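The values are calculated or read from the model by the stated rules, or taken from the named source; none is laboratory data. For clarity, every value in this text was computed on a predicted model and none was experimentally measured. Don't worry about glycine lacking a Cβ; one is built from the backbone with ideal geometry, like all the others, and counts go over all protein chains shown. Protein only, heavy atoms only, side chains kept; ligands, DNA and RNA dropped before computing areas. Shrake-Rupley method; radii C 1.70, N 1.55, O 1.52, S 1.80 Å.
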There are 2 protein chains.
Amino acid sequence: MKKIRILVLGLLAASGWGAVASEKTPEASHGIEYPSGWQNWSTIAVSHRTDNNTLRVILGNEIAVKAARSGKVNPWPEGSILGKVVWKDTELENWKTAIAPGDFVHAEFMFKDSNKYSKTYGWGWARWVGLEQEPFKNGAQVCTSCHTPVKERDWVFTDPAPFPALN
Amino acid sequence: MKKIRILVLGLLAASGWGAVASEKTPEASHGIEYPSGWQNWSTIAVSHRTDNNTLRVILGNEIAVKAARSGKVNPWPEGSILGKVVWKDTELENWKTAIAPGDFVHAEFMFKDSNKYSKTYGWGWARWVGLEQEPFKNGAQVCTSCHTPVKERDWVFTDPAPFPALN
């Protein structure tokens, strides 16, 4: 069975199928590779920005979610990745007083690696824009300048939402 | 290795450790068993109810998330479980115009099984209240009466949020 799998993968690679698949992965942003699979990460918090009318869900990889749920987030552990997914506001058709996600804006990420990203406060900063996930390339300073008010909170705005314990 | 694992599990069961663990699972709500592990499910949408000042994330099990991401949600497929997690509003300390999750209110769920739940429109309705996850037992009609405006949408208010394709 294992041999068959290797053979199939080999044939796919030889046919260029693998190359096509990898070409679909969005390009790097600020030299940081796309965190494939973030769409299925677990929730850390949500927010509604009333100044620019956007709704957000804050997701994390397993390291980040574990830290968030146990409240150990200043500093966040090495290897944490935080993702903020942003939509424009709209109202729910059947419940007019509920604000709900409209157009997708972007997904932005913080990658904790104190050595690798020592020049940007221990985090790598990246963003992919629109449903096509075009990499943002205007520089991490766009991110860090906005996050400066929370530099004493390991540069993170989000307070993890309270969740019942797993059981 | 397998034998060791069986031995360890046997010892744990004999010692009552397993029983203690299972006692921690919240009781059923409306006869529906607690959907353990929902805290790590993926996101379908978020919302902010401005009439009662609550923020929500709408999560789903794998069947529901797959349906949501592909837009096949009227009807939702058999086996779908939708979870709505509710927090009271608060404002983010370092970004005053951002509404963020405060106290946890409850987690409520819809379980799609057209046969089992034929008397309640094809869905099982359940809720667990507070961080202690006390089962709600006031009857599914509390849920269905509120959801009646969306009976033509398979009884679901939520429009799945747009997400970039997985890649």
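A few remarks follow.
- Hits among lysines - C-alpha to C-alpha of B:Lys88 under 17 Å, sequence gap 8 or more where chains match: B:Lys96
- Most mobile listed residue (A:Gly124, A:Gly79, A:Gly60) in chain A, GNM with C-alpha springs under 10 Å: A:Gly79
- Additional length obtainable on full extension of the chain from A:Asn52 to A:Cys146, 0.36 nm per residue less Cα span: 32.4 nm
- Cα-based shape type of the stretch A:51-90, given that a ≥ b ≥ c are square roots of the gyration tensor eigenvalues and the cut on a/c is 1.5: prolate
- For the protein assembly as shown, the carbon plus sulfur part of the accessible surface works out to 56%, probe radius 1.4 Å.
- Shielding value for A:35-44 is 5, the average number of Cβ atoms from other chains within 10 Å of each residue's Cβ.
- Heavy atoms of A:Tyr34: accessible area, 1.4 Å probe, square angstrom to 10: 20 Å²
- Dipole of the protein assembly as shown, positive direction: furthest Cα of B:Asn53, A:His147, B:Trp125, with charges on the beta-carbon: B:Trp125
- Gyration tensor verdict on the protein assembly as shown (Cα atoms; rounded if a/c is under 1.5, prolate if a/b is larger than b/c, oblate otherwise): rounded
- Peptide A:89-99 - average C-beta neighbours from other chains (10 Å radius): 5
- Rounded tilt (10° steps) of B:2-15 against the dominant C-alpha axis of chain B: 90 degrees
- A 1.4 Å probe run over the protein chains yields, for the protein assembly as shown, 53 Å² of accessible area per residue, whole-number rounding.
- Peptide B:150-157 - average C-beta neighbours from other chains (10 Å radius): 2
- Here the simple spin-label model places points 7 Å from the Cα toward Cβ, and for B:Asp113 and A:Ser114 these points are separated by 4.9 nm.
- Shape category assigned to chain A from the gyration tensor of Cα positions, a/c cut at 1.5: prolate
- GNM top mover of A:Pro135, A:Pro101, A:Pro35 - chain A, alpha-carbon springs below 10 Å: A:Pro101
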